[in-house]
Amino acid sequence: MTFKILSLDGGGIRGVLSARLLQEVETVIREKHKQELHQYFDLITGTSTGSIITAAIACQMKAQEMIDVYLNEGENIFLDSVRQQRKWRKVSEAIGSHVLYPHETGEQGLTKVLQKTLIHPKFGSPTISQIDKPYILIPAYDVYSRNTTWFANNPVDDGAWYDNIDLWKICTASASAPTFFPPYELPYNEEENLPHIDGGVSANNPGLMAIAHALLIEKKNNLKLKDIAVLSIGTGDTTCPYSYEEVKNWGLLGWAKHLPDMFLNPGAQNSEVICEQILDSVGGDVLRLDFDLNHRFEGEKQPGRLRPLLDQPYNEYIYKNKNKYKEISEEIDNPEACPELIEAAECYLDCGEVYYGQPGVPVREAIKEFINSHSPYIQAN
């Protein structure tokens, strides 16, 4: 009996890639266990766009429905009018400002999309405490108290200040990435609000948090590390290099613009490595699904030498599967990239390989082995 955790990275519109990989997982779960995602996993955690997928699963949505949200509503979150303004970097820097996507403008904006999307068949728009299964964990960073809030539907004490907050509001907070969205306020009490920003500031890959949370909430059932299995799904790794000449001239606004891809990815990679090492050391299980969006360098890296850049970056899985060179957008706010992100995910499923007990395991085979290896977790009475 295994306690099964699903962990979902942040990454903006690139969450559509995660949703497509998750669709494959959903198919195998249905075939093997006759269950849906919300029934199979014991704990689901997600940061930023991963929080949205987490909440969607908790609301019993299917993977295709999640994919459709990105395809159909992405442009209502990342408004083209704002996106075009953000491209005028010289103008923004000249006036000392940075254009942000609004949480709400008319019937558009992140809050509007989440409010109409995250609907539970029983509760309508649920509060986080109304979700009784699965356990969910959503991190967001509280800029007032300067700590990470672990939003969970099963607080260890007799309740939490956020118990009666709508799930879509918590997701908005977790997805409010710095330099892309303003902070989002959540009601703390009748007089005070707490401003939160993207949980990726502290945990863009929340898998490690989820392990700690699982051990605490299942302490009464004597859960051990060896009984934990983690399926961790990323949003594609960015590979765009920055030279010294570029970086040294960025200035304050230049660094702010590159904050997400410069600082969020290393934290996610560290969490991935720590999860793997901890669980591997005790006989637990972890499967990571993620890949480089683009191949950019020639040859193998040599100590002390820089590898030359390719003339044309390309996604290696699309090339292997379809024999065509295609560069994938690495932006997290480009809704037009959704079809190519889905294509890359599908080609990764077709011809990608992962380390799962041994190197070189085909992705689909690894997914099936993970699902087939873990029966439902039965809690002690």
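Just a few scattered comments:
- With respect to the conditions (1) in contact with a strand residue (DSSP E or B) (Cβ under 9 Å, 6 or more places away or on another chain); (2) not in a helix (DSSP H, G or I), SER375 lacks only one, and its number is (1).
- Any hit, segment 168-178, residues being open to solvent by 20 Å² or more (accessible area, probe 1.4 Å) and modelled with pLDDT under 95: yes
- The set of residues from segment 331-362 being assigned to a loop (DSSP other than H, G, I, E, B) and either open to solvent by 30 Å² or more (accessible area, probe 1.4 Å) or of a type in the set (Phe, Trp, Tyr) (or both) comprises GLU331, ILE332, TYR355, TYR356, GLY357, GLN358, PRO359, GLY360.
- Residue within segment 84-98 that is open to solvent by less than 60 Å² (accessible area, probe 1.4 Å), at pLDDT 85 or above and within 22 Å of PRO339 (Cβ to Cβ) present: no
- Boolean, SER202 is of a type in the set (Gly, Ala, Ser), within 23 Å of the chain's Cα centre (by Cα) and open to solvent by 40 Å² or more (accessible area, probe 1.4 Å): yes
- Residue within segment 5-22 that is over 21 Å from GLU340 (Cβ atoms), part of a strand (DSSP E or B) and more than 15 Å from the chain's Cα centre (by Cα) present: no
- Segment 136-159: number of residues that are over 17 Å from the mean Cα position of the chain (by Cα) and open to solvent by 30 Å² or more (accessible area, probe 1.4 Å): 9
- Test result for LYS301, open to solvent by 60 Å² or more (accessible area, probe 1.4 Å) and either over 25 Å from the mean Cα position of the chain (by Cα) or modelled with pLDDT of 85 or more (or both): yes
- Residues in segment 22-39 that are surrounded by 24 or more Cβ atoms within 10 Å (Cβ to Cβ) and either touching a residue at least 40 places away in the same chain (Cβ under 8 Å) or among the basic types (Lys, Arg) (or both): LEU22 only.
- ASN372 falls short on exactly one of the conditions (1) closer than 24 Å to ILE67 by Cα; (2) in contact (Cβ under 8 Å) with a residue 12 or more places away in the chain, and that condition is (1).
The values are calculated or read from the model by the stated rules, or taken from the named source; none is laboratory data. The model shown is predicted, which means the values in this text are computed figures rather than measured ones. Cβ: placed from backbone, ideal geometry, glycine included. Neighbour counts: every protein chain shown. Remember, those area values only see protein heavy atoms, side chains included, never the ligands or the DNA or RNA. Shrake-Rupley method; radii C 1.70, N 1.55, O 1.52, S 1.80 Å.
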